[in-house]
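Throughout, read-outs are computed from the coordinates displayed, never taken from laboratory work. The structure displayed is predicted, hence computed values, not measured ones. Positions of Cβ are generated from backbone atoms using ideal geometry, with glycine treated the same way; all protein chains shown enter the neighbour counts.
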Amino acid sequence: MTDASRLPGPFEHAWGWQLDAACRGADSRLFFPPVGRSERARREREASAKRLCAECPVQLACRRYALEARESYGVWGGLTEDERFADTGRRPRRRRTG
Ligand code: SF4
């Protein structure tokens, strides 16, 4: 679960980077794979999301936000939840997939 105490607060300068996000209007299922899909399908969606992130002008701001907020789910800043938590010694709770 995202640690809400670590969110930056309701300030435009903290969230304004989202206005330039390459994923604005994209299918959110690429970034947050639906529950009940196969592992292969999840990996394919993550790869598609990462391709979009690689072209995104705010990738670093997005990644910084996700790391600071400890976003537990989805692809943020080109990193999956497993990648974001890799050096913390703890794993995010993954929703079960089929
Ligand atoms: S880095 Fe990826 S998830 Fe973050 S704003 Fe850009 S496209 Fe969206």
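General observations
- Extension gain for the segment Ala54 to Thr88, taken as residue separation times 0.36 nm less the Cα-Cα distance, is 9.9 nm to one decimal.
- Full extension of the chain between Glu44 and Ser5 gives 10.8 nm of extra length, using 0.36 nm per residue less the Cα-Cα distance.
- Packing rank of 34-40, 17-23, where each peptide gets the mean count of other beta carbons within 10 Å, highest leading: 17-23, 34-40
- Most positive-pole-ward Cα, Gly78, Cys56, Ala21, against dipole of the stretch 4-84 from beta carbon charges: Gly78
- Cβ crowding within 10 Å averaged over residues, with 54-64, 73-83 ranked highest first: 73-83, 54-64
- Gain on full stretching of the segment that runs from Gln18 to Ala69 - 0.36 nm per residue minus C-alpha separation: 16.9 nm
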